Amino acid sequence: MVAAALPVWLTTCLLMVAVEPMSARGSGTAKPKPYALIFGTVWDPEGRPLYGVKVKIRRTEDKKARWELYSNHTGEFAQRLPVGKADYVVWADVKDYKLESGEKLKPGSEVTVHIDRDERSDIGLHLDW
């Protein structure tokens, strides 16, 4: 038994219902949530960017790191943080990091970053031999 074709008006209505939710999603009515950003680069003692270095970030009043991330192929890293006045400490954890030559690096000095609102702060982490 062959099913009868749907009337044209019903087919048109079904298509309109199926297409409407897709166009409503792209309306852009929701605002993105604001954030602060620490953006940085990890450098070796000779001034070259380093890939795969663990970077840790904590608030100055905390004892342990709250955020951990790794530098990318250009030595860069970025971490979103909550908006508002706060001071953060950023450092490179090179405990398990070895260069291709087999040499070990020492962590450089920690960098303190002050954030007031939804802003970007650019820093550099310079490592030692």
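Every read-out reported here was derived from the displayed coordinates using simple, explicitly stated rules and does not represent laboratory data. Predicted, not measured: the structure shown is a model, and the values here were computed from it. Cβ atoms come from the backbone with ideal geometry, glycine included; neighbour counts cover every protein chain shown.
Between residue 117 and residue 31, the modelled label-to-label distance comes to 1.2 nm, taking each label 7 Å out from Cα in the direction of the beta carbon.
Here are some pairs, 54/95; 54/104; 63/98; 31/56; which of them have Cα atoms lying more than 18 Å apart in this structure? Before the final figure, lay out the partial values.
On the way: 54/95 9 Å; 54/104 14 Å; 63/98 26 Å; 31/56 29 Å.
The answer is 63/98; 31/56.
Among all the lysines, which ones have a C-alpha under 18 Å from residue 85's C-alpha, if same-chain residues fewer than 8 places away are not counted? Candidates past the 8-residue exclusion: 33.
For segment 105-110, backbone phi angles converted through the Karplus equation (6.51, -1.76, 1.60; θ = phi - 60°) give residue-by-residue couplings of 9, 9, x, x, 6, 6 Hz, Gly and Pro being listed as x. The peptide list 101-107, 49-55, put in order of mean Cβ contacts within 10 Å with the highest first, becomes 49-55, 101-107.
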